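The values are calculated or read from the model by the stated rules, or taken from the named source; none is laboratory data. Bear in mind that the values here come from a model prediction, so they are computed numbers and not experimental data. Methodologically, a virtual Cβ is constructed for each residue, glycine included, from the backbone with ideal geometry; neighbour enumeration extends over all protein chains shown. We work out accessible area using only protein heavy atoms, side chains counted, and drop any ligands, DNA or RNA first. Shrake-Rupley method; radii C 1.70, N 1.55, O 1.52, S 1.80 Å.
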Amino acid sequence: MSSIELSKLIHPEIRSMLLAGEADGVREVCAEIHGADLVHLAEEFDPELQRAFFVALSTDQRIELFQYLPFQRQLDLLPQIDKESRQALLNGL
């Protein structure tokens with residue numbers, strides 16, 4: 001299954017969980033998804049939900065996703081997350 005197909009399959013479920021504030025559910029569903037596929041999934045959300053998606057992920061998932069983001073998107077994302085999360089992310093790279 002391609003990452004685009006996977007994204008379309010689970011996008012509605014992840015979106016519902018994000019809107020309901022169910023970060024644990026997001027982490028669980030995304031636990032076995034490759035970082036590049038997480039990027040495809042995140043790209044389906046508006047900027048506010050992209051941030052919520054990123055914050056809902058575990059530190060390891062954030063690190064993996066972050067590595068596959070285009071450089072400019074990395075720069076745009078860093079100021080949007082809290083200092084502790086940003087520090088954990090950068091230390092994990």
Nearest 10, in degrees from 0 to 90: the angle of helix 83-92 to the longest Cα principal axis of the chain is 90 degrees
Per residue, accessible area of the chain with a 1.4 Å probe, heavy atoms of protein chains only, in Å², comes to 60 Å²
Carbon plus sulfur, as percent of the 1.4 Å-probe accessible area of the stretch 1-83, comes to 52 percent
Mean separation of Cα contacts under 8 Å (at least 6 apart) over the residue count of the chain, i.e. the relative contact order in percent, is 29 percent
Placing each pseudo-label 7 Å from Cα in the direction of the beta carbon, E48 and D76 end up separated by a distance in nanometres of 1.7 nm
HN-Hα couplings for the stretch 41-49 via Karplus (6.51, -1.76, 1.60; θ = phi - 60°), in whole Hz with x for Gly/Pro, come out as 5, 4, 5, 6, 9, 5, x, 5, 6
Applied in sequence order to the stretch 13-28, the curve 6.51 cos²θ - 1.76 cosθ + 1.60 (Karplus, θ = phi - 60°) yields integer Hz couplings, x standing for Gly and Pro, of 5, 5, 4, 4, 5, 5, 5, 8, x, 8, 4, 4, x, 4, 4, 5
